[in-house]
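Asker: The structure that follows is given in the form of structure tokens.
Bear in mind that the values in this text are calculations on the coordinates, not laboratory data. Predicted, not measured: the structure shown is a model, and the values here were computed from it. Every residue, glycine among them, receives a Cβ derived from its backbone with ideal geometry; neighbour counts consider all protein chains shown.
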Amino acid sequence: MQDAHFSGFFPHSSFTNIPRNESTMKTPVFLAILATSLCAQSNKKLNELGFSLGWGGPFGQSIQYSRVISEHANVGGGFGLSTAGAMIGVDGKYFADADSKGSVFCGVAASYATGTEMTETDQGLFKEDTATYELLGGVVLTPRVGFRYQAEYWNIYFTVGRGFPIAGGGVRYISGSDNSDIKEFVEFLSIGGAEVSMAMTFRL
């Protein structure tokens, strides 16, 4: 009797024929996915700070900073010391596969060198030549390619490139022996030329 009473009071159709709104049911799922995505983006470290060593780097032996600006690119800058004096500049990189542990990249850097004076000695068999030159400062544009390896908290970059002086550069004779070997060596140390460098950065 009790079952019949409740069955009559709550008709069976009132439970089984409730209309279902699919968009309403999908809303919690969508919100959960959105929250997870936003959380992952907020936890992603977008800044890098580190150092670079090698030959011909656009910032010399330097301290570097960069920031991720898109899925495949970052921009940054650095300052340091080179054979042509102090250097400072900016650079950008594009990564072919930014999410993998290893990725090739290409980029370009623009930097300025202050210039410096240098005295060199050529020790010959019968005489010793000494000359002083000024390595002139200037602006260098450096196209670059390389490979980046990503670990959990740090990255390593292996880079090769070629610097092209677009303003200034070269050497100026000051005093001493007019020795062609010394001049060639000093010109080799001036701004521009080949880059072979390695950088290590820490994600912040």
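Asker: With each pseudo-label sitting 7 Å past Cα toward Cβ, what's the ALA110-TYR153 distance in nm, one decimal?
Answerer: 3.6
Asker: Under 28 Å Cα-Cα from LYS93, which lysines qualify once same-chain neighbours fewer than 8 residues away are excluded?
Answerer: Here the lysines satisfying the reach criterion relative to LYS93 are LYS44, LYS45, LYS101.
Asker: Related question: Arrange ASP91, ASP178 by Cβ neighbour counts within 10 Å, fewest through most, would you?
Answerer: Taking fewest neighbouring Cβ atoms as first place, the list is ASP178, ASP91.
Asker: Using the 10 angstrom Cβ neighbour count as an exposure proxy, how do MET87, MET200 rank, fewest first?
Answerer: On the way: MET87 23, MET200 14.
By the 10 Å Cβ count, ascending, the order reads MET200, MET87.
Asker: Alpha carbons only, please: Rg and Dmax for segment 62-196, in angstrom.
Answerer: 18.6, 62
Asker: How much length would be gained if the chain were fully extended between GLU128 and VAL145, taking 0.36 nm per residue of separation minus their Cα-Cα distance, in nm to one decimal?
Answerer: Using 0.36 nm per residue and subtracting the Cα-Cα distance, I get 1.9 nm.
Asker: In nm, give the distance between the simple-model label positions of GLU117 and VAL160, each being 7 Å from the Cα along the Cα-to-Cβ direction.
Answerer: Result: 3.8 nm between the two label points.
Asker: Still on this structure, please answer the following. Got a sec? Which residues in segment 60-93 would a label at ALA167 touch, if it sits 7 Å along Cα→Cβ and we count backbone N under 18 Å?
Answerer: 78, 85-91
Asker: For Cα pairs less than 8 Å apart in space and 6+ apart in sequence, what is the mean separation divided by the residue count of segment 61-179, i.e. the relative contact order in percent?
Answerer: Here the relative contact order equals 20 percent.
Asker: For a quick check: sort ILE174, ILE88 by the number of other beta carbons within 10 angstrom, fewest at the front.
Answerer: ILE174, ILE88
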